[in-house]
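Working notes, beginning with the structure itself.
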Amino acid sequence: MTSYSVEVEFDSTVSDDTAADLVDALTDVHGAIGTAPSGNLSVILSIEAGNVLDATVQALSRAQEAVASVTHSPTLATGVATMTEAEFDRRLADATTPGDLAGQAEACDILGVSARTLEKLASELAPHIVQTLATGPLYRASGLRSVARRHPLPPLEQALLNLIAANRPATVADDADHQLADTALITSPGNPIRIKSNGGSPVVARAVANLLERELITAPADPDESLTGAPDSGIDVLVTARGRQHAQPLLHPTD
């Protein structure tokens, strides 16, 4: 028996909730739901079969059954593409550009989360999985970006990240969140950004801890220990490469 990757395209689209239900209905064949180039529903299955024809027939039947069970309406399959999983992996390896594909590291960068947090988002990200490989899920990057837009950083966390990435206090702090973030920072010309050990306030301390958890900033000490102590002491913090992707430029007085 050989493992085949089979993509079945349908003449319809589905909501994120329905896509998640489809993934649940196809767990036995490692089903992944995506969007075909036409914009329609794409169902990708992993099928064990003796040859390409058997794999195609099994996948087509299984996909149609699952789609009908969650949409409760007849849906036409408009195309099928079948290849061995070894060939699928080879094509990925030979691709000159990643296109719209994202692995776990890229998914963390797009969403601005740590690998641990990514696991907590598994059900929401399931509709955007193209294929599940031995190294983990392979996502459509465009789908991940749509999830990221639904989950922006809270305003205070965004303000803190902006200040730390700029390595200076705000020159124009005309909103309450940047003003509050400013109170947590200890800065002097030429020195790294430091955050007061208690964050300046409990709400700021929680925001800093969340940025550390999401690996948008990093600190040499354990965050639980670093955010306790005298307010006039502090810890050096640096923005990570992922954090820079999510930081927003600060305004200058002339802007």
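The values are calculated or read from the model by the stated rules, or taken from the named source; none is laboratory data. Worth saying up front: this structure is predicted, and the values here are computed from it rather than measured. Using ideal geometry, Cβ is built from the backbone for each residue, glycine included, and neighbour counts are taken over all protein chains shown. Remember, those area values only see protein heavy atoms, side chains included, never the ligands or the DNA or RNA. Shrake-Rupley method; radii C 1.70, N 1.55, O 1.52, S 1.80 Å.
Okay, here's what the table says:
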| quantity | calculated |
| --- | --- |
| Local electrostatic count, Pro127, Cβ distance below 14 Å [Lys/Arg +1, Asp/Glu -1] | -2 |
| Amide H contacts of Thr13 (H built 1.01 Å from N, under 5 Å, at least 5 apart or other chain) | Leu41 |
| Residues with amide H under 5 Å from that of Ile193, placed H, sequence gap 5 or more | Val237 |
| Rounded to the nearest 10 Å², the accessible area of Ile164 at probe 1.4 Å | 10 |
| Solvent-accessible surface (1.4 angstrom probe) belonging to Thr117, in square angstrom, nearest 10 | 30 |
